[in-house]
Every structure is written in C-alpha cells, then in structure tokens.
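Report on one structure; see the data block that follows.
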Amino acid sequence: DLTNMVITIICDTLPLGAPSQTDVAMQLNMSLRNLQRKLHEKGTNYKEILDDIRKNLTLGYITQKHLSISEISYLVGFSDTSNFNRAFRRWTNQAPGKYRTDTLGMDWKGILSTGKLIGYLNISLHIQ
C-alpha cells in the first residue's frame, strides 16, 4: 500500500529531518505529481501523513523522562525547537513541558487498564 510505503520512508529518515515530498517520490520511483495524485485518491496527503507521524511519535516520546524536549524535537524531524513547540501546541493545546508534567503526574496503571493510552508507535492515519 502506497500510504504505508510513505510512512516507512518518513519514519526511516525523520531523525535526519523530515524528507521532502520530492525525496519520498524519488525513493518510490515516481514523479512528485503522481505521488500527490495517488495519495489524494486515498483521501490523504503528504503533509497530513507527516503531521500524524510526528504527533503520534511525540506523544510516545513525551512520556519518556530521559528524553529532553529538544531531543524529542530532533527525533521527530524538526529543525528547531520553536517549530516543534508550535506544532505541539496545535496538537494538544499545551506547551510540551506542561503536557509532560501533567501526563507524568497521572496514574499510568489506571490509564493502561482503561485502554486510553495511545500506543507508543500507534500511527492513526486515515488509511482507506
């Protein structure tokens, strides 16, 4: 499935920085326009896939105390922490540090038993 191939390419290269659509298309041996068209046919686009991957990875990483906010920013492919902070606020309506404090203060056993915790790498894309 094309969407899963795009996800794999993005995940493999994300710590080095987010790959461009052109880079992904080249790795898939197709033109940029063809990649865009095929993703559109599946009801998604490159930007949405990249954003969903970053969000879900970040929500997994943020619970790991040994990772700094800067390290998380780097791991999910942001070139600087300020862009990461803006994206995080868009995803959660909170600053990363505040979210981490609030989240780590929760009763994790209760959350796990109710199944409300997003899986570490659970990428919830709109795959059709």
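Data table
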| quantity | calculated |
| --- | --- |
| Cβ-derived FRET efficiency at R0 25 Å, Arg89 paired with Ser20, nearest 0.05 | 0.55 |
| Cut-off under 5 Å, modelled amide H: who pairs with Lys42 long-range | none |
| Extended-chain gain in nm, criterion 0.36 nm per residue less alpha-carbon gap, Asn4 and Ser79 | 24.6 nm |
| Approximate shape of segment 1-85 as ellipsoid semi-axes (Cα gyration tensor, √5λ), whole Å, largest first | 26, 12, 10 |
| Contour excess over end-to-end distance, with Cα ends at Asn29 and Thr103 and 0.36 nm allotted per residue | 22.4 nm |
| Residue-by-residue Karplus 3J(HN,Hα) for segment 83-94, coefficients 6.51, -1.76, 1.60, Hz, glycine and proline x | 5, 4, 4, 5, 5, 4, 4, 5, 6, 10, 6, 9 |
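None of the figures in this text is laboratory data; all of them are computed from the coordinates on show. Quantities reported herein were computed from a predicted structural model and do not represent experimental measurements. As a convention, Cβ positions derive from the backbone with ideal geometry for all residues, glycine included, and neighbour counts pool all protein chains shown.
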